[in-house]
Amino acid sequence: MVGGYVALIEVKNFSKYYEEDKPVLKDISLRAERGKTLVIIGKSGCGKSTLLRHIAGLEGVQSGPIEGEIVLEGRWKITHMPEREIVEQGLRGRVVGMLFQNSALFDFLDVEGNLRWAMEENLHLSPSEIQDKIAEVLETVDIDLRFLKRDVSTLSGGEKKRVALARALVLEPKILLYDEPTTGLDPPTAAEIIRLINRLRQRRRITSVVTTHDMWCAGKIADSMAMIYQGSICFQGTYQEALENAQVRSFMEGK
């Protein structure tokens, strides 16, 4: 707690091991405050995605020992909760949503089916309420209703990202995690995804954690930044402070 305010996400001295004595993440401490965007940068394999999966409750002690804890909304110690309780409390999806790097849409369902699946699994809504919610989230992510019957396999990379974002939004999460949201996209499409991230912060006060290796992306969305190097935090601060940090500059230069 800082100044009497509880962060929506607080990572406290968190370490993760897949092999004994070989931590993937070492003593990570981070905060993400309501309505703010925290950007985490670092090279591929540094542990960024592992951290997101633990925040989302997608990974826990079953995949390897952990130390420290991750607390959501000041009360949910998600790293130490059993799977059954995570599901019962609606933490995955209704508190924390996630946009995966590969979008993770169901190829055997069309766009509408992907959105309906999320609601039918997690919400108790009437058919008309489901239709209203679908229309609302598609408008938010700038997708025309004519896309509803499109097969996922026919969508472009940017369209898949937006549909995946819509699928997360139907559950109205307070927190959204984005794993490399602009990777593999052309510059205009990446700019559209960045605009959507900022729109959600402004309109819905969604708290966001974004992992990326793209400093241009970071500069457009970050309220605060952190860098992970060899599993540890080597920098925390603002985007401007990041530009002045020697280790961040080395990362930007590919060193």
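Taken together, the values in this text are just the output of simple stated rules run on the coordinates, not laboratory data. Predicted model only: the values in this text are computed from it and were never measured. All Cβ positions, glycine included, derive from the backbone under ideal geometry; neighbour counts span all protein chains shown.
Things worth noting here:
- As a length-normalised measure over Cα pairs under 8 Å and 6 or more apart, the relative contact order of the chain settles at 27 percent.
- For volume of the Cα convex hull per residue in Å³, calculated from these coordinates, the label among [x] 136; [y] 147; [z] 169: [x]
- Residue among Pro82, Pro23, Pro181 with the largest mean-square fluctuation in a Gaussian network model of the chain, springs linking Cα atoms under 10 Å: Pro82
- For GluC sites (Glu not before Pro), the sites in the stretch 1-71 that DSSP calls loop and that have at most 16 other Cβ atoms within 10 Å are Glu20.
- Residues Val71, Val87 in ascending order of nearby Cβ atoms (within 10 Å, fewest first): Val87, Val71.
- Helical contribution to [θ] at 222 nm, DSSP H n ≥ 4, -39,500 (n - 2.57), averaged over the chain, rounded to 500: -10500 deg cm²/dmol
- Across the stretch 46-107, Cα pairs under 8 Å and at least six residues apart give a relative contact order of 30 percent.
- Cα long-axis angle, helix 187-204 against the chain (0 to 90 degrees, to the nearest 10): 90
- Here the stretch 1-107 is treated with +1 on each Lys and Arg Cβ and -1 on each Asp and Glu Cβ, and its dipole about the Cα centre works out to around 380 debye.
- The charge dipole of the stretch 171-210, taken about the Cα centre with unit charges on the Cβ atoms of Lys, Arg (+1) and Asp, Glu (-1), comes to about 400 debye, rounded to the nearest 20.
- For the chain, a crude dipole built from +1 on the beta carbon of Lys and Arg and -1 on the beta carbon of Asp and Glu, taken about the Cα centre, is about 500 debye to the nearest 20.
- Applying the Karplus relation 6.51 cos²θ - 1.76 cosθ + 1.60 with θ = phi - 60° to the stretch 95-111 yields 3J(HN,Hα) values of 9, 10, x, 9, 9, 6, 4, 9, 6, 6, 7, 7, 5, 7, 10, 7, 4 Hz, where x marks Gly and Pro.
- The GluC sites (Glu not before Pro) of the stretch 152-247 meeting both criteria, a DSSP state outside H, G, I, E and B (loop) and at most 16 other C-beta atoms within 10 angstrom of the site's C-beta, are Glu244.
- Dipole of the chain computed with +1 at Lys/Arg Cβ and -1 at Asp/Glu Cβ about the Cα centre; of Ile143, Ile9, Gly90, farthest Cα towards the positive end is Ile9.
- Comparing Tyr17, Tyr178, Tyr229 in a Gaussian network model of the chain where C-alpha atoms under 10 Å apart are linked, the largest mean-square fluctuation is found at Tyr17.
- Neighbour cut-off at most 10 other Cβ (10 Å), DSSP loop, chymotrypsin sites (Phe, Trp or Tyr not before Pro), the stretch 26-110: Phe108
- Of Lys16/Lys133; Lys16/Lys160; Lys26/Lys161; Lys43/Lys220; Lys133/Lys220; Lys26/Lys160, pairs whose Cα-Cα distance is over 27 Å: Lys16/Lys133; Lys16/Lys160; Lys26/Lys161; Lys133/Lys220; Lys26/Lys160
- Counting Lys and Arg as +1 and Asp and Glu as -1 over every other residue whose Cβ lies under 9 Å from the Cβ of Ile228, the net charge comes to +2.
- Translational diffusion coefficient of the stretch 63-103 (Stokes-Einstein, Kirkwood radius from Cα pairs, 20 °C, 1.002 mPa s): 186 µm²/s.
- Charge-dipole axis of the stretch 9-252 as Lys and Arg at +1 and Asp and Glu at -1 on Cβ define it, positive-most pick from Ser156, Ile193, Leu105: Ile193
- Environment charge at Asp179 (Cβ cut-off 14 Å; Lys +1, Arg +1, Asp -1, Glu -1): +1
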